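Since every read-out is calculated from the coordinates, none of them should be taken as a lab result. Not measured: the values here are computed from a predicted model. Cβ placement follows ideal geometry from the backbone for every residue including glycine, while neighbour counts extend to all protein chains displayed.
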Amino acid sequence: MTASDRMALLPSRTGAWAAGFLSWGPAGGAWSWTALLVVVVGTAFWALRERRRARRAVSGEERLRTQWSHLPAALVLVDDHGRIAALNPAAERLFGYGPGEAAELPVARLFPDSTAAADPHFLDFHRKAEEQAAGGPAREVHCLHQAGHAFPVRMAVSEVPRGPRREYLLLFQDNSLEKAMEGALQRESRFANAVINSLPGIFYLVDQQGCFCRWNRNLEQVSGYSGAEVEELHPLELFRSEERDRVSRMIQETFDAGASSLEADLVLRSGEARPFFFASFRVDLDGDRYLAGMGVDISHRRHLEEELTRLATTDLLTGIANRMQFEQDLAREVGKAERYGRPLTLIMFDVDHFKRVNDSHGHESGDRVLQEVVAVAGTRLRDVDILARWGGEEFMVLAPETGERGGFELAERIRQTVAEHAFPIPEQIVTASFGVAAYESGEGEGTFLRRVDEALYRAKAEGRDQVCRAEPDPAS
Ligand SMILES: Nc1nc2c(ncn2[C@@H]2O[C@H](COP(=O)(O)OP(=O)(O)OP(=O)(O)O)[C@@H](O)[C@H]2O)c(=O)[nH]1
């Protein structure tokens with residue numbers, strides 16, 4: 001098929017014109033073909049360029065529109081009359097408006113009255129845009145949801161030049177999640193503080209430099225130090241100087257082994273020392289180590305323990321040391337006498353014919369006599385001497401730093417005082433018999449006791465109301 005044939009296929013008038021054009025010319029139509037080719041190719045290039053340009057323009061606009069629609073941040077365009085020119089979908093969702101619903105509304109509708117009341121220039125977006133451009137921070141504001149509730153957001157404003165007029169782009173970042181987390185954190189912190197403050201004892205958290213990081217109200221109330229003073233305190237300052245090594249070791253042990261406990265006296269601001277039980281444990285937090293712990297006031301327990309010890313070691317009738325306590329004292333003093341070669345004397349005495357006192361005046365009177373014997377004997381003793389009830393109507397005096405002669409004289413003084421004392425039992429003289437033994441190096445408590453007992457026995461046998469010296473131990 002020739003070109004003419006092809007043209008013939010075109011609609012009649014165009015075909016006729018084209019067929020004429022193509023057959024015109026000196027080269028039998030060849031020039032016309034070339035010209036046509038140039039025109040067609042040129043037109044095609046022009047059309048292609050225009051199409052690309054148009055496509056570029058369209059795609060730029062589309063891209064903007066896509067970004068406007070898909071940006072997670074909420075954007076509101078406001079004209080210089082304070083009317084909303086446009087909201088992106090994120091803004092519509094944030095403020096609760098349907099598509100296009102908020103257009104043309106006054107922008108003030110997006111904020112609660114309280115916001116404007118708090119800042120009369122709040123709606124002066126020009127000023128805000130200038131502040132923002134000068135590096136001012138995005139501000140936290142409250143916005144108004146279409147449903148009527150206010151919510152916190154962060155707002156940044158920028159000015160968009162639009163010919164002689166201005167528009168403002170408001171960018172909102174919903175920080176309600178941030179606020180909710182902040183609130184949750186504050187609640188957590190309040191909860192932790194409430195727990196710490198409701199602990200029955202004192203709570204402390206100390207870092208490795210020995211600074212108090214946290215503590216509860218009890219610590220301030222019990223110690224008498226204010227919060228500001230606690231901040232300046234080193235934990236060791238709360239203990240007596242002689243206990244600081246022990247406390248220091250506990251602190252080290254806690255950091256090394258993870259936990260430890262100790263009983264020590266807490267020295268209060270007033271200077272009073274109060275016994276506490278401390279249980280501490282190590283806390284590893286963000287690469288740092290802390291010592292956390294609790295201290296419980298054990299004054300009551302300590303008092304009960306002391307009371308129990310007193311009851312266990314004291315004779316209830318007379319209030320002096322009982323036999324168990326005396327045996328401990330004797331062992332200790334004998335040990336000292338052996339170690340330092342110092343003199344030690346033991347006196348044992350027994351109320352004479354005490355059975356008769358009971359029989360004649362009753363057991364209660366007998367008790368009173370025993371109490372008065374102790375009181376009377378006590379007047380003759382030094383502070384270092386130990387008076388104890390050995391059992392029944394038998395008593396012991398242990399006189400450290402006292403030889404046989406001094407011990408004999410002491411026993412004689414006690415004997416005389418008892419014999420001269422007016423006991424509350426009419427017509428009956430109360431006397432006592434005494435044995436005295438000076439400690440012999442190496443004999444031990446057993447022999448020492450046996451010798452003094454034998455001396456007392458002799459005093460009884462030889463007529464009572466007298467003092468007898470102990471014989472030396474035949475085995476020594
Ligand atoms: N009231 C009273 N009597 C006690 C107590 N302990 C022991 N007695 C009495 O002390 C008396 C001791 O009597 P004896 O051992 O016979 O000795 P004594 O009568 O003192 O005679 P001699 O020791 O030989 O001079 C007994 O009657 C005991 O009941 C006490 O705590 N209170």
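Some observations on this one:
- Fewest-first ordering of LEU238, LEU199 by other beta carbons within 10 Å of each residue's beta carbon gives LEU199, LEU238.
- Spin-label model, HIS81/ARG301: points 7 Å from Cα along the beta carbon direction are separated by 8.1 nm.
- Converting phi to 3J(HN,Hα) with the Karplus coefficients 6.51, -1.76 and 1.60 and the offset θ = phi - 60°, region 218-233 yields 4, 4, 5, 5, 6, 6, x, 8, 7, x, 5, 6, 4, 4, 8, 7 Hz in sequence order, with x at every glycine or proline.
- Local net charge near VAL222, Cβ-Cβ under 14 Å (Lys/Arg +1, Asp/Glu -1): -2
- This ranking places VAL296, VAL222, VAL369 by how few other beta-carbon atoms lie within 10 Å of each, fewest first, which gives VAL296, VAL222, VAL369.
- Charge-dipole axis of the chain as Lys and Arg at +1 and Asp and Glu at -1 on Cβ define it, positive-most pick from ALA475, TYR168, ILE425: TYR168
- Region 218-292: C-alpha gyration tensor shape, a/c 1.5 cut-off, then a/b vs b/c: oblate
- Size of electric dipole in the chain: Cβ of Lys, Arg +1 and of Asp, Glu -1, about Cα centre, debye, nearest 20: 4340 debye
- Computed over neighbours whose Cβ is under 10 Å from that of ARG450, the net charge equals -4, Lys and Arg +1, Asp and Glu -1.
- Cα shape, region 71-174, gyration tensor, a/c 1.5 rule: rounded
- Residue-span extension gain [GLN428 to GLN252] - 0.36 nm each, minus C-alpha spacing: 56.5 nm
- Here the 3J(HN,Hα) profile of region 199-206, calculated from phi with Karplus coefficients 6.51, -1.76 and 1.60 at θ = phi - 60°, is 4, x, x, 8, 10, 8, 10, 10 Hz, Gly and Pro shown as x.
- Theoretical FRET efficiency, 1/(1+(r/R0)^6), r = Cβ-Cβ of PHE281 and ASP383, R0 51 Å, to 0.05: 0.65
- Qualifying lysines (Cα of each under 27 Å from Cα of LYS128; at least 8 residues distant if same chain): LYS179
- Approximate spin-label separation ARG190-GLU409, in nm, with each point projected 7 Å along Cα-to-Cβ: 8.0 nm
- Sites count as exposed loop sites when they are GluC sites (Glu not before Pro), lie in a DSSP loop, and have at most 14 other Cβ atoms within 10 angstrom; the longest stretch of the chain without one is 105-271.
- When +1 charges are put on Lys and Arg Cβ atoms and -1 charges on Asp and Glu Cβ atoms, the dipole computed for region 314-469 relative to its Cα centre reaches about 240 debye.
- Residue (of LEU123, VAL373, LEU344) at the positive-pole extreme of the chain, dipole from beta-carbon charges: LEU123
- All aspartates and glutamates inside 15 Å of LYS355 as judged from Cα atoms, apart from same-chain residues fewer than 8 positions distant: GLU364, ASP367, GLU393, GLU394
- Difference of contour (0.36 nm per residue) and Cα-Cα distance, GLU50 to ARG269: 69.8 nm
- Taking the longest Cα principal axis of the chain as reference, the axis of helix 444-461 is set at about 40 degrees.
- Other residues with beta-carbon under 12 Å from the beta-carbon of PHE203 carry, at +1 per Lys or Arg and -1 per Asp or Glu, a net charge of +1.
- For region 358-425, size of Cβ-based charge dipole, Lys and Arg +1, Asp and Glu -1, in debye: 140 debye
- Within region 387-476, trypsin sites (Lys or Arg not before Pro) in DSSP loop having at most 16 other beta-carbon neighbours inside 10 Å: ARG464
- Considering only TYR97, LEU219, PHE278, and ranking their Cα positions along the charge dipole of the chain that arises from unit charges at the beta-carbon of Lys, Arg, Asp and Glu, the one farthest toward the positive end is TYR97.
- Here the simple spin-label model places points 7 Å from the Cα toward Cβ, and for GLU420 and ASN358 these points are separated by 3.0 nm.
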